[in-house]
Amino acid sequence: MTAAFTFPGQGSQAVGMGKALADAFPAARAVFDEVDSALGEKLTATIWDGPAETLQLTENAQPALMAVSVATLRVLESEAGFSVARDAAFVAGHSLGEYSALAAAGSLTISDTARLLRTRGLAMQKAVPVGAGAMAALLGLDYEAAIEVANEAAQGQVCQAANDNGGGQVVVSGDKAAVDRAVEIAKVKGAKRAMLLPVSAPFHCKLMQPAADAMAEALSKVTIKAPAVPLVSNVLASAITDPDEIRRRLVEQVTGTVRWRESVAYMAGQGVTRFFEIGAGKVLTGLVKRIADGAVGVAVGGPNDIAAAKEASAAAKQA
């Protein structure tokens, strides 16, 4: 089976995530220690002990989710014999997960990734005053219909598709009044559900331009290497390996649509039949089943998942 390694985005965080791995495996603990050192604070204390409100802050959730993803991958490597370069055809991540994917593929160091995500989280939060923007999930509309809703709702303001998640799930983002209008228009146009999301800022829309500018500056100061395997870019829904293009697409991603449905479809079209979701939660695993017929999603986030992956790996080698 051809595999892809995918990495979750914001919303998958939970207090306590990664602790069982860190307690059981030195390889995981080393990643958390490196992230703490890079940030100059005990982010691990927030990840494992909370409070949830502090972990959910964008500047904490983003490096925290990356830490859990990379720690999980390191245990897969040390305990189950996995290798990104050998076992994955592609890496991909949902929004901040794109940074986790690059760290996993050796394109960015863990320390640089942690600092970049802290900068990204702070910049995204500062870009728009609290309450001025909003995001809403439109369920039961395809991407083209959701685009029509967003365009009709804009009325001179910003309202655009932020996430095309697949399975009839599109998230729109922009000015609060425009997103409110989108919710009502979507209901009229046949959405099964349309609801505002409990987020602190309108991510992945033009209002995030100040954050994109901040990330352009931050990314210009770090070394980006060619990844061990191609990255399927959020904004392109196709594979890239050139470090300069990776840097450019990471900047575009701040204001652009996360084209997750198309990204998964692209990987499936390239022969990927198994999608490993590395890190917290099972959101991406659920989406795989709705996007790619016959593809298998495997969520790997705890010691039991590592053991199952180890058995599966051993069985595959014997086959």
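Numbers below:
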| read-out | value |
| --- | --- |
| Carbon plus sulfur fraction of accessible area for the chain, probe 1.4 Å, in percent | 51 percent |
| Cα-based shape type of segment 85-201, given that a ≥ b ≥ c are square roots of the gyration tensor eigenvalues and the cut on a/c is 1.5 | oblate |
| Label of the coordinate-derived value, Cα extents along the principal axes in Å, listed as [x] 53, 49, 39; [y] 58, 40, 37; [z] 58, 45, 37 | [z] |
| Estimated FRET transfer efficiency when R0 is 30 angstrom, pair LYS192-GLU152 (beta carbons, to 0.05) | 0.95 |
| Percentage relative contact order, segment 15-83, counting C-alpha pairs under 8 Å, at least six apart | 43 percent |
| Table column - 3J(HN,Hα) (Hz), segment 151-166, Karplus curve with 6.51, -1.76, 1.60, x for Gly and Pro | 5, 5, 7, 4, 6, x, 9, 8, 8, 8, 5, 9, 9, 9, 7, x |
| Cα gyration tensor shape for segment 1-155, rounded if a/c is under 1.5, else prolate or oblate | oblate |
| Modelled label reach - ALA226, point 7 Å along Cα→Cβ, segment 73-97 residues with backbone N closer than 18 Å | 84-91 |
| Helical contribution to [θ] at 222 nm, DSSP H n ≥ 4, -39,500 (n - 2.57), averaged over the chain, rounded to 500 | -16000 deg cm²/dmol |
| Å² of accessible area per residue within segment 91-244, as computed with a 1.4 Å probe and no ligands counted | 38 Å² |
| Trypsin sites (Lys or Arg not before Pro) restricted to DSSP loop in segment 203-267 with at most 16 other C-beta within 10 Å | LYS221, LYS225 |
| Distance in nm between pseudo-label sites at SER238 and ALA52 (7 Å out along the Cβ direction from Cα) | 4.2 nm |
| Positive-pole candidate from LEU197, PRO227, GLY168, dipole of the chain, charges at beta carbon | GLY168 |
| Magnitude of the charge dipole, segment 167-319, Cβ model with Lys/Arg +1 and Asp/Glu -1, debye to 20 | 420 debye |
| Efficiency of FRET from Cβ geometry, ALA85 and ALA308, R₀ 35 Å, rounded to 0.05 | 0.95 |
| Among THR44, LEU73, SER83 the positive-end extreme of the charge dipole of segment 28-112 (Cβ point charges) | SER83 |
| Solvent accessible area, Å² - LYS176, 1.4 Å probe, full protein context | 70 Å² |
| Prolate/oblate/rounded call for segment 158-299, Cα gyration tensor, a/c under 1.5 rounded | oblate |
| Given charges at beta-carbon only (K, R positive; D, E negative), |dipole| of the chain in Debye | 260 debye |
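The values are calculated or read from the model by the stated rules, or taken from the named source; none is laboratory data. What you see is a predicted model; the values in this text were computed from it and never measured. Heads up, the Cβs are rebuilt from the backbone with ideal geometry, glycines too, and the neighbour counts pull from every protein chain shown. SASA here: full protein model, heavy atoms, side chains in, ligands and nucleic acids out. Shrake-Rupley method; radii C 1.70, N 1.55, O 1.52, S 1.80 Å.
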